[in-house]
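FYI, it's all coordinate maths here, none of it is from the lab. Computed from a predicted model, the values in this text were never measured in an experiment. Glycine also receives a Cβ, built like all others from the backbone with ideal geometry; neighbour counts cover every protein chain displayed.
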Amino acid sequence: MDKEKIILDSDPGEDDAVAILLAVGSPNIDLLGISTVGGNQSIDKVTYNARAVLKQAGREDIPVYQGADRPILRPLQSGAYVHGETGLNGTVVPEPTVPIGDKHGVNWIVETIMSHEPKTITLVPTGPLTNIALALRMEPAIAERVKRVVLMGGGVFEANKTAAAEFNIATDPEAARIVFEAPWDVTMVGLDVTHKALCKPDIQKEIEETCGKTGAFMSGLMDGFRAAYQANQDFVDPPVHDPCTVAYIIDESVLTTRRCNVEVVTQDGPALGETVADMRGPENPDSHTQVALKLDYDKFWAIVKDALLNVEKALA
Ligand code: PIR
Ligand code: CA
């Protein structure tokens, strides 16, 4: 099987960092590069973090392009309340040595998609959808050109930023609406599954003990993430949201999905940023959007551990 080519559009973030490691470590994935977006922290910090995580993984050959610093219409309310001052809650990261790519992230996304064969690139957004919406407006043809979009955001029955909305969607609801309305295949990997992808102490310990420096790095990220989730989210163990997207690309059987229409609320008020999924039966096979509803926990962590081991082996 050919490796699936992906573009990661990300705002690292502890869980984004694990998604990067997963993409780097999987033999099924060819990570073409990372575009960054303001979200969990300011654009400067998340761009630095993306480069530092690639350095940690020994893959500074993978380019990083800086994208939009704020949502399309709204000021950035960052995720510093969960991710701390650095965006990685103080985890020690190596200083990146390769410079930031010398074009805007949105230009890079458009050029990369348009210069590859049709239907060969999968877009994997794990932050606010600002860059992806701007890319669609800059070059609408990307909607037919990509293979599919597998994004972390939203929730059918769960929310975190507000009572109704998930952080990535609530941060830039107008961008999210543009992305969900475009005529491409969208898989919404939302909180319904990511809140089940908990990093429990036993799996964290196993990864720390078996995956060397990479495992220690992952474990450090999880210590910071756990502390934040305990302090202000009323969780015992941290949910590693973003890697669920990459795990699904590696092995689709890790998630159970359902095809249905999804609309994003952009009116101000209590439902701003809600992803309204039409769950009335029967399932709509013609919908261009699908939502993830169930996670295979053991399979998920087997996929993550396997990839981290591969990252570690390639380092040595
Ligand atoms: C934001 C995030 C995670 C937790 C909270 N409470 C807020 C970030 C993650 O990086 C993920 O992409 C998404 N946004 C989860 O809402
Ligand atoms: Ca993220």
Distant-in-sequence amide H partners of ASP172 (H built 1.01 Å from N, under 5 Å): LEU129
Karplus couplings for the range 80-89 from phi (6.51 cos²θ - 1.76 cosθ + 1.60, θ = phi - 60°), rounded to Hz, Gly and Pro as x? 4, 5, 10, 9, x, 4, 8, x, 10, 6
Rh_Kirkwood(the range 4-315) over Cα pairs, Å, one decimal, evaluates to 18.9 Å
Which peptide among 210-216, 132-138, 44-50, 64-70 comes first, and what is the full order, when sorted by highest mean count of other Cβ atoms within 10 Å? 44-50, 64-70, 132-138, 210-216
Order these peptides, 217-225, 117-125, by their mean beta-carbon neighbour count within 10 angstrom, highest first. 217-225, 117-125
Could you point to the residue in PRO12, GLY269, VAL193 farthest towards the positive end of the range 4-315's charge dipole, with +1 and -1 charges on the Cβ of Lys/Arg and Asp/Glu respectively? PRO12
Taking placed amide H atoms and a strict 5 Å upper bound, the residues 5 or more places from GLY33 or on another chain that come that close are LEU8
If the cut-off is 22 Å between C-alpha atoms, which lysines fall inside it for LYS205, apart from same-chain ones fewer than 8 positions away? LYS196, LYS213, LYS299, LYS305, LYS313
Would you compute, from DSSP H runs of 4+ residues alone, the mean residue ellipticity of the chain at 222 nm, taking -39500 (n - 2.57) per run and dividing by the full residue count, rounded to the nearest 500? -12000 deg cm²/dmol
Can you list the HN-Hα couplings for the range 140-148, worked out from phi with the Karplus curve (6.51, -1.76, 1.60; θ = phi - 60°), rounded to whole Hz and with x for Gly and Pro? x, 5, 4, 4, 8, 7, 6, 6, 5
Point-charge dipole on Cβ atoms (K/R +1, D/E -1) for the chain, about Cα centre, debye to 20: 180 debye
Rounded to 5, the percent of DSSP beta bridges in the chain classed as antiparallel: 25 percent
Suppose the chain between ALA316 and ASP251 were pulled fully straight at 0.36 nm per residue; how much longer would it get relative to their current alpha carbon spacing? 20.7 nm
Please list the non-local residues whose amide H lies under 5 Å from the amide H of THR120, H modeled 1.01 Å from N, same-chain partners needing a gap of 5 or more. LYS147
Using +1 on the beta carbon of Lys and Arg, -1 on that of Asp and Glu, and nothing else charged, what's the dipole of the range 1-159 about the Cα centre, debye to 20? 280 debye
Between GLU95 and ALA302, what is 0.36 nm times their sequence separation minus the Cα-Cα distance? Round to one decimal in nm. 71.6 nm
Suppose a student asked you for the relative contact order of the range 4-315, using Cα pairs under 8 Å spaced at least 6 residues apart; what percent would you report? 21 percent
Distance in nm between label sites at LEU73 and GLU283, each 7 Å beyond Cα in the beta-carbon direction? 3.4 nm
Going residue by residue through the range 57-64, the Karplus relation 6.51 cos²θ - 1.76 cosθ + 1.60 with θ = phi - 60° gives ³J(HN,Hα) values, rounded to whole Hz and with x marking Gly or Pro, of 7, x, 10, 6, 6, 7, x, 10
Of the candidates PRO71, GLY101, VAL46, the farthest towards the positive dipole end of the range 46-102 (Lys/Arg Cβ +1, Asp/Glu Cβ -1, centred on the Cα centre) is PRO71
If one computes the Cα centroid of the range 162-200 and of the range 51-74, what distance in Å separates the two points? 20 Å
